[in-house]
Amino acid sequence: MTDKVALPPHGVLEEFFGGFETLIKQITDALLKHADGDDETAVIKEGAAPIPAQISEMKTYVLTRAATATNSELAEVNQALRMSNAKGLFKSGKGLLGNIGSLLGKLGIQRIVQEIKKIVRLIFKTFGWAMPAWLDLILLIINQLLNLIFGTKSPKHAAVLSDAEVNYLREVEAAVDVMNAEARGRESEESESWD
């Protein structure tokens, strides 16, 4: 039986963002192996180039804010990250890289990346932070860049990936609506208990 080594409070956050960045690099490398010609190679390289820096800056922003968090807040975030099984998502994404040449493989990888981006939202929610509008836009830019590099093979691939993105955005919007409604309900219950 092996003992698990406990990560420092920020270690789980660093591990999460590092895993996200690594998966993006693995996706890019796999797409480059399947690229047909210089034009497709250039689109993949240049389209993917900004994403690791975006994730790295996101990590820096979160870690900077987390530096002022209480130990109980950090413990709660670490628990949420463990329960979300981000490591499993990274492993699944890597496992699908062999199928990246097919539309179904790309859709599967895209969906895994979308779920990973939901975990970014989970981090903010668990800390009790409001999700900045600009961060939503950065997550959208990452989606758009992934659609660009995934859609190089055919317009059909690009259209299907775009439809999947629209569905993802609707799903996120619906989830936010539910969370806001639940928060309003709790606030209403609390105010009624004081009456």
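Quick check: anything in the range 75-91 farther than 25 Å from I149 by Cβ, out of contact with any Cys (no Cβ under 8 Å at 6 or more places or on another chain) and hydroxyl-bearing (S, T, Y)? Yes.
Considering only residues in the range 51-75 that are open to solvent by 60 Å² or more (accessible area, probe 1.4 Å) and not in a helix (DSSP H, G or I), the one that is nearest to V12 (Cα to Cα) turns out to be A67.
So that you can scan it fast, the table gives a plain yes or no per residue for (1) in contact with a helix residue (DSSP H, G or I) (Cβ under 8 Å, 6 or more places away or on another chain); (2) at pLDDT 70 or above; (3) assigned to a helix (DSSP H, G or I):
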| site | (1), (2), (3) |
| --- | --- |
| M131 | yes, yes, no |
| I141 | yes, yes, yes |
| N147 | yes, yes, yes |
| T152 | yes, yes, no |
| A158 | yes, no, yes |
| L161 | yes, no, yes |
| A174 | no, yes, yes |
| M179 | yes, no, yes |
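In the range 76-85, the qualifying residues are those that are in contact (Cβ under 8 Å) with a residue 40 or more places away in the chain and not polar (S, T, N, Q), and the one that is surrounded by the most Cβ atoms within 10 Å (Cβ to Cβ) is V77. Annotation note: of K117, K106, the sole residue that is under 21 Å from V166 (Cα atoms), among the basic types (K, R), open to solvent by less than 30 Å² (accessible area, probe 1.4 Å) and within 12 Å of the chain's Cα centre (by Cα) is K117. Looking across the range 87-103 at every residue that is in a loop (DSSP other than H, G, I, E, B) and in contact with a helix residue (DSSP H, G or I) (Cβ under 6 Å, 6 or more places away or on another chain), the one that is least open to solvent (accessible area, probe 1.4 Å) is identified as I100.
The values are calculated or read from the model by the stated rules, or taken from the named source; none is laboratory data. Keep in mind the model is a prediction, meaning the values are calculated, not measured. When we count neighbours, we look across all protein chains shown, and the Cβ atoms used for this are built from the backbone with ideal geometry, even at glycine. Just so you know, the surface numbers come from the protein's heavy atoms only, side chains and all, with ligands and any DNA or RNA stripped out. Shrake-Rupley method; radii C 1.70, N 1.55, O 1.52, S 1.80 Å.
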